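The values are calculated or read from the model by the stated rules, or taken from the named source; none is laboratory data. Quantities reported herein were computed from a predicted structural model and do not represent experimental measurements. Note that each Cβ is placed from the backbone with ideal geometry, even for glycine, and that neighbours are counted across all protein chains shown.
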Amino acid sequence: MIEEALRYDSPGQGLIRVTNVDVTFGSTTIPAGSQVMPLVGSANRDPSAWSDPDALVLDRSPNDHLAFGTGIHLCIGASLARMEGRIALETLFSRWPGVHCAGEPETHQQSGPTGTPDAAG
């Protein structure tokens, strides 16, 4: 449940990095030394990596999201954050075993380039 919540709405949505070599994506080359902003939130919703990426599937497995980064860029506090989330949910459900969602869940609103809702959102 915690891993899917992290994938679905990552605490950090983007990173700032500097390329150390030229990188080509499609027909665009990003020169070495350029600032780039990979969007973790977008990667965690990539339909080529996730089935039904915009759905919150609490028992999704495997769930190799990028919410805390990966490799040498893995967040040093990732284990602590997971433990805190587990303790919080266990405490909530043990103190109030009948707790449940009331009504329909809210959805994220899409924004257009100016930050205002676009026609599709």
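Computed quantities for the displayed model
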read-out	value
Residue pairs meeting the criteria (Cβ under 8 Å; at least 6 apart or on separate chains; first at positive phi and touching a residue at least 12 places away in the same chain (Cβ under 8 Å), in region 28-55; second in a loop (DSSP other than H, G, I, E, B) and among the β-branched types (Val, Ile, Thr))	Gly33/Thr19
Matching residues in region 6-32 - criterion: being in contact with a strand residue (DSSP E or B) (Cβ under 7 Å, 6 or more places away or on another chain) and part of a loop (DSSP other than H, G, I, E, B)	Ile16, Thr19, Asp22
Where Leu89 falls short, out of the listed (1) touching a strand residue (DSSP E or B) at 6+ places or on another chain (Cβ under 9 Å); (2) at negative phi; (3) at pLDDT 90 or above	(1)
Conditions (1) at positive phi; (2) surrounded by 10 or more Cβ atoms within 10 Å (Cβ to Cβ); (3) more than 14 Å from the chain's Cα centre (by Cα); number of the one not met by Gly71	(2)
Matching residues in region 17-52 - criterion: being modelled with pLDDT of 90 or more and among the β-branched types (Val, Ile, Thr)	Val18, Thr19, Val21, Val23, Thr24, Thr28, Thr29, Ile30, Val36
Extreme residue, nearest to the chain's Cα centre (by Cα), among residues of region 38-50 that are surrounded by 10 or more Cβ atoms within 10 Å (Cβ to Cβ) and in a loop (DSSP other than H, G, I, E, B)	Asn44
Residue satisfying all of: in region 33-61; in contact with a strand residue (DSSP E or B) (Cβ under 8 Å, 6 or more places away or on another chain) and of a type in the set (A, V, I, L, M, F, W, C); nearest to Thr107 (Cα to Cα) among these	Met37
Residues of region 89-100 that turn out to be more than 20 Å from the chain's Cα centre (by Cα) and surrounded by 11 or more Cβ atoms within 10 Å (Cβ to Cβ), as a count	2
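Results for (1) in contact with a His (Cβ under 7 Å, 6 or more places away or on another chain); (2) in contact (Cβ under 8 Å) with a residue 60 or more places away in the chain; (3) assigned to a helix (DSSP H, G or I), shown as yes or no for each residue.
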position	(1), (2), (3)
Leu58	no, no, no
Ile72	no, no, yes
Arg82	no, yes, yes
Gly85	no, yes, yes
Ser94	no, no, yes
Glu104	no, no, no
